[in-house]
Amino acid sequence: MRDVLQVHGGLPLHGEITVRGAKNFVSKAMVAALLGDTPSTLRNVPQIRDVAVVTGLLELHGVRVEADADGGTLVLDPRNVESAHVADIDAHAGSSRIPILFCGPLLHRLGEAFIPDLGGCRIGDRPIDYHLEILRQFGAEVTKRESGIEIRAPHGLIGTKVRLPYPSVGATEQLLLTAVRAEGITELSNAAIEPEIMDLINVLQKMGAIISVDTDRVIRIEGVARLRGFQHTALSDRIEAASWASAALATRGDVTVKGATQPEMTAFLNTFRKVGGEFDITDDGIRFYHPGGDLRSIVLETDVHPGFMTDWQQPLVVALTQAKGLSIVHETVYENRFGFTEALTGMGATIQVYRECLGGHPCRFGQRNFYHSAVISGPTPLEAADIEVPDLRGGFSHLIAALTAKGTSEVRGIGLIDRGYEDFQGKLAALGAEFSHG
Ligand code: EPZ
């Protein structure tokens, strides 16, 4: 069965891999192409399942998507956009949350959109209340139906003023993709300003949009009547780069990640160094390596950009099980993002999760019965085990744990990892990992 990997752990990862465009940008840039009245070209696209899902959803809506041989370049032609059948959207979207971001562009093009019940990883209930409220504020009519949510904008979309309760990445993207063609000015306060969002703003500006980002994280957009296609090279995937860096640290290895870029990874690099990792930055990537000796425990708090991002936390926790002393990790973005630690504990790690806000500032999950802080005591040798991949980033952490543990682990459900890590098995082989298919 292809979905199972037998991993023979205990070997340092050693070698060079290449990371391409950011999963959490590429999917949004593809949706942005819907807004143009001429074709767009997107380069540095990774061949991951999320891109395939968005490609299928775009084709359902009449967009022609052509990929070159290695999938790295997509040409998206939105000149014949049409409504799609509800059942097709639902069937094709799977667990992806991306359909929610089709709303703005489809409302501009067709006056209607439909969102199936959304999935996404099991890391909290992943609500979309901010998204729906934003669409209503633009003048859309939002109706909950049995199979999903129907949205209409018979009178067009009018610019509005929004303040986000929390700097949500998706909600910020929702507003951007709707405001650029809305009538008049839109203002978003408490916006998210992640690098992936800034690159989406680059794409929209190339299409003809007028967008400013102020120092107080207020984004202002002047709606324009038409947008044209874009030509753009995606920024690199800082989450994948950090995942491989954490794997290098946990396995006492030495991994060069070509395509990794320093500006988007500043907070990770600082933490990597504090734990005892070393890195060399070159023009075409970053070399991450364990210099020998002990790793050091740390106190870490995840946050929105420019803080230490939540998606970096799971892979790094595996390296912290190999650090000397007590580490504290306070997860402030998602309420339930330590589920993956159960498998690590089963492999010999000493990890305790707490409801309290430990190690940093009180956050919105404090005292609400969410186990969103973890204490990791190390170093603890990890023993091979049979593990089930829980979600995308937790799954990669399980892979790192299996690579770190002595013995042969059986990692089940690895197909989930293909959602966000391009050719991860080819990369493991390039780094000298020993594994076989179950
Ligand atoms: C994006 O998710 C990323 N996914 C996530 O990466 C990433 O962890 C997250 O941003 C934070 O950086 C994609 O870009 C596809 P949010 P998103 O809206 O947009 C709450 C990965 O593995 N919230 O910033 O869904 C929400 O519950 C994934 O690549 C609401 O309450 O994240 C969470 O607590 C995991 N209501 C917080 O905001 C809403 O309507 C941040 O979520 C929307 C969000």
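At-a-glance table
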quantity	calculated
Amide hydrogen neighbours beyond the local backbone of VAL224, cut-off 5 Å, H modeled	ARG181, ALA182
Distance between modelled label sites at ASP37 and ASP386, nm, 7 Å Cα→Cβ extension	6.0
For the chain: rounded, prolate or oblate by the Cα gyration tensor [a/c cutoff 1.5]	prolate
Karplus 3J(HN,Hα) series, Hz, for the range 409-425 with 6.51 cos²θ - 1.76 cosθ + 1.60 (x for Gly, Pro)	9, 9, 9, 9, x, 6, x, 4, 5, 5, 4, x, 10, 4, 6, 5, 6
Rounded tilt (10° steps) of 392-404 against the dominant C-alpha axis of the chain	20
Spacing of the two label points (7 Å from each Cα toward its C-beta) at ASN336 and VAL75, in nm	4.5
Within straight-line cross-link reach of LYS324, aspartates and glutamates at Cα separation under 12 Å, skipping those fewer than 8 residues along the same chain	ASP294
In Hz, Karplus ³J(HN,Hα) per residue of the range 205-215 (6.51, -1.76, 1.60; θ = phi - 60°; x = Gly, Pro)	5, 4, 7, x, 6, 10, 9, 10, 10, 8, 5
Listed residue pairs exceeding 30 Å between alpha carbons, taken from LYS161/LYS258; LYS258/LYS406; LYS23/LYS406	LYS161/LYS258; LYS23/LYS406
Rounded tilt (10° steps) of 49-60 against the dominant C-alpha axis of the chain	20
Nearest 10 degrees, 0 to 90: helix 169-179 Cα axis against the chain principal axis	20
The range 64-147: GluC sites (Glu not before Pro) in DSSP loop, at most 13 other beta carbons within 10 Å	GLU82, GLU146
Sequence-distant residues sharing a close amide H with SER96 (under 5 Å, placed H)	GLY119, GLY120
In the range 31-94, the trypsin sites (Lys or Arg not before Pro) that fall in loop regions by DSSP, at most 14 other Cβ within 10 Å	ARG79
Potential lengthening between LYS406 and ILE185 on full extension [0.36 nm per residue; Cα-Cα distance subtracted]	73.7 nm
Accessible area, probe 1.4 Å, largest first, for residues THR310, THR73	THR73, THR310
Vicinal HN-Hα couplings computed from phi for the range 377-383 (Karplus, 6.51 cos²θ - 1.76 cosθ + 1.60; Hz; Gly/Pro x)	9, x, x, 10, x, 9, 9
Per residue value of the accessible surface for the chain (all protein chains in place, 1.4 Å probe), Å²	39
Order by protection proxy (mean Cβ within 10 Å, highest first), peptides 242-254, 320-332	242-254, 320-332
Percent accessible area from carbon and sulfur atoms, the range 23-233, protein chains only, probe 1.4 Å	48
Placed amide H near GLY62: partners under 5 Å, 5+ positions off or other chain	GLU82
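The values are calculated or read from the model by the stated rules, or taken from the named source; none is laboratory data. None of the values given here were measured: they were computed from a predicted structure. Methodologically, a virtual Cβ is constructed for each residue, glycine included, from the backbone with ideal geometry; neighbour enumeration extends over all protein chains shown. Surface accessibility is based on the protein's heavy atoms, side chains included, excluding ligands, DNA and RNA. Shrake-Rupley method; radii C 1.70, N 1.55, O 1.52, S 1.80 Å.
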